[in-house]
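Below is one structure, written out as structure tokens; comments come after it.
The values are calculated or read from the model by the stated rules, or taken from the named source; none is laboratory data. Every value quoted in this text rests on a predicted model; they were computed, and no experiment measured them. Neighbour counts are summed over all protein chains in view; Cβ atoms, including those assigned to glycine, are modelled from backbone coordinates with ideal geometry. Calculation scope for accessible area: heavy atoms of the full protein, side chains included, ligands and nucleic acids excluded. Shrake-Rupley method; radii C 1.70, N 1.55, O 1.52, S 1.80 Å.
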Amino acid sequence: QVQLVESGGGLAQAGGSLRLSCSASGRIVSVNGMGWYRQVPGKEREFVATVSSEGHTNYADAVKGRFTISRDNAKNTVYLQMNSLKPVDTAVYYCNAEVVTAMTFTMSDYWGQGTQVTVSS
């Protein structure tokens with residue numbers, strides 16, 4: 001099995017910063033794309049940012065210029081540096097990874113348990 005463990009959520013004031021981390025562990029052969037999504041109660045989960053294994057990044061318009069996604073391939077870890085936070089960024093943030101496992105040698109999507117980010121005005 002594969003586990004994604006997130007950390008770094010919490011409370012920040014508007015204009016402040018937080019850094020999220022997510023590490024993948026288990027019987028991993030390779031990790032392809034990694035990313036972050038977020039969800040607020042009553043709404044669908046939405047895309048925040050992704051980074052490919054080669055380091056190519058993609059961002060939602062709402063976070064461009066404020067959030068930076070990066071990864072450490074040696075550690076199978078993805079980060080999300082969130083700056084200039086706004087109250088509208090308040091959500092549960094979920095890590096996602098496309099993983100090839102040693103069990104099936106096929107790629108599957110895995111999700112973390114989510115970490116709460118709350119931004120106060």
TODO: State whether the residues of the stretch 24-32 include one that is open to solvent by less than 50 Å² (accessible area, probe 1.4 Å), among the β-branched types (Val, Ile, Thr) and assigned to a strand (DSSP E or B).
DONE: yes
TODO: Please specify each residue of the stretch 44-97 satisfying the condition of being in contact with a Lys or Arg (Cβ under 8 Å, 6 or more places away or on another chain), open to solvent by 20 Å² or more (accessible area, probe 1.4 Å) and part of a strand (DSSP E or B).
DONE: Glu46, Tyr79, Gln81, Val92, Tyr94
Task: Which listed residue is under 12 Å from the mean Cα position of the chain (by Cα), under 21 Å from Leu4 (Cα atoms) and touching a residue at least 60 places away in the same chain (Cβ under 8 Å), from Asn32, Asn96 - done: Asn96
